[in-house]
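Enquirer: Have a look at the structure that comes next, please.
Laboratory data are not the source of any read-out in this text; all were calculated from the coordinates shown. All figures in this text were calculated on a predicted structure; none of them were measured in a lab. Cβ coordinates were reconstructed from backbone atoms using ideal geometry, including for glycine residues, and neighbour counts include every protein chain displayed.
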Amino acid sequence: MAIADGTALYRVWGDADLLLYIGVSDRFGTRWKEHAKQQPWWGEMRRLSVDSWHESRDEAEAAEQAAIKAEFPKYNVVHAISAGGRQDPPLSTEQSGVIRETAHSVLPQLLQTYPYAEARETAWAKICGRPPESGRSTAAAQIRQQAILYDGRHRFEFLLAEAALRVRPASKQVMLGQLDRLLSLMDLDHVSIRVVPFGVVAPVVYPFVLTDGPVLRVQMHFGDQVECGPKAERAVRYYDSIAEKAVTGRDVRRLISVAAAELRGDGPEGADGKRKRRLPESTGRLF
């Protein structure tokens, strides 16, 4: 097969060899460059590698899909379907005025400290057979993305299950630092954190992101699944139904403080003088 007659699988790399994007193309001339300049990864690209050639585009796209699922590039989107069924690019997170995100047992990336993110990403890298450095690079990239919290152009509304305050990916000290960061972020006027407490009868808090449009993003390790139209509208209603059951402000600070106290070992004592571990009540409907 002549290279000119085939379709290439390529990868776009950023700082510290962070994998930004995996794609396919049958040409890399001026037309491809003009198209690439419109992509969200263009400003972060440090190098591009053409890694394999395929006889047909279908074969190349099958290899692309497998690579995305195995390697988790930062900017690959699984699909974006509009209400009319067209392939329309939705507004990016950076273009949205209000960003709403839910979380069950893992805190949203925008709220994570580096040690918390590093613990999660290096554990995932190990599962995937990748070196720890890959996880650290991903964690560092996630922390850099948190600059969006401070650019003054967005409002953030985070809706967490209380489990997210309790499940820790690393040491107690890492989690204590993480809880302290949550308290600090609550001081920002444009950041709201709500928590659905244990024992509350409420819909399950599935993790997703809602941006203007509305646009629904379900974040996964191999890329974002993006939906517009009716599915996004339903997600808005689902978000609102959970938010009705959540506590805010002072009550959230209390839940964070209790979680921190129990990590330090100075939580509430029982009648026998031993520390009691606070467990979720069984309602049959939450978590």
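Enquirer: Given a Förster distance of 22 Å, report the FRET efficiency between residue 254 and residue 189 from their Cβ-Cβ distance, rounded to the nearest 0.05.
Expert: Given R0 = 22 Å and the Cβ-Cβ separation, E is 0.60.
Enquirer: Out of every Cα-Cα pair in segment 93-264, what percent are more than 25 Å apart?
Expert: Percentage above 25 Å: 32.
Enquirer: To make sure I understand, if each residue's beta carbon is the centre and we count other beta carbons within 10 Å, what order do 179, 185, 165 fall in, fewest to most?
Expert: 185, 179, 165
Enquirer: Moving to a separate point now. Counting Lys +1, Arg +1, Asp -1, Glu -1, what net charge surrounds residue 121 among other residues with beta carbon under 13 Å of its beta carbon?
Expert: In short, +3.
Enquirer: Which whole-number percent gives the relative contact order of segment 3-75, counting Cα pairs below 8 Å spaced six or more residues apart?
Expert: This gives 45 percent for segment 3-75.
Enquirer: What number comes out for the charge environment of residue 107, summing +1 per Lys or Arg and -1 per Asp or Glu over other residues with Cβ under 14 Å away?
Expert: Residues close to residue 107 contribute a combined charge of 0.
Enquirer: Can you sort 201, 106 by how many other beta carbons sit within 10 Å, fewest first?
Expert: Neighbour counts put them in this order, fewest first: 201, 106.
Enquirer: For a bin width of 5 Å, list the pair-distance distribution of segment 3-75 built from all Cα-Cα distances, rounded to whole %.
Expert: Per 5 Å bin, starting at zero, the Cα-Cα P(r) for segment 3-75 comes out as 3, 17, 27, 26, 20, 7, 1 percent.
Enquirer: I want the antiparallel fraction of DSSP beta bridges within segment 93-264, as a percent rounded to 5.
Expert: In segment 93-264, approximately 50 percent of DSSP beta bridges are antiparallel ones.
Enquirer: Of the listed peptides 52-65, 10-23, what is their order by residue-averaged count of other C-beta atoms within 10 Å, with the highest listed first?
Expert: For the peptides 52-65, 10-23, the packing ranking is 10-23, 52-65.
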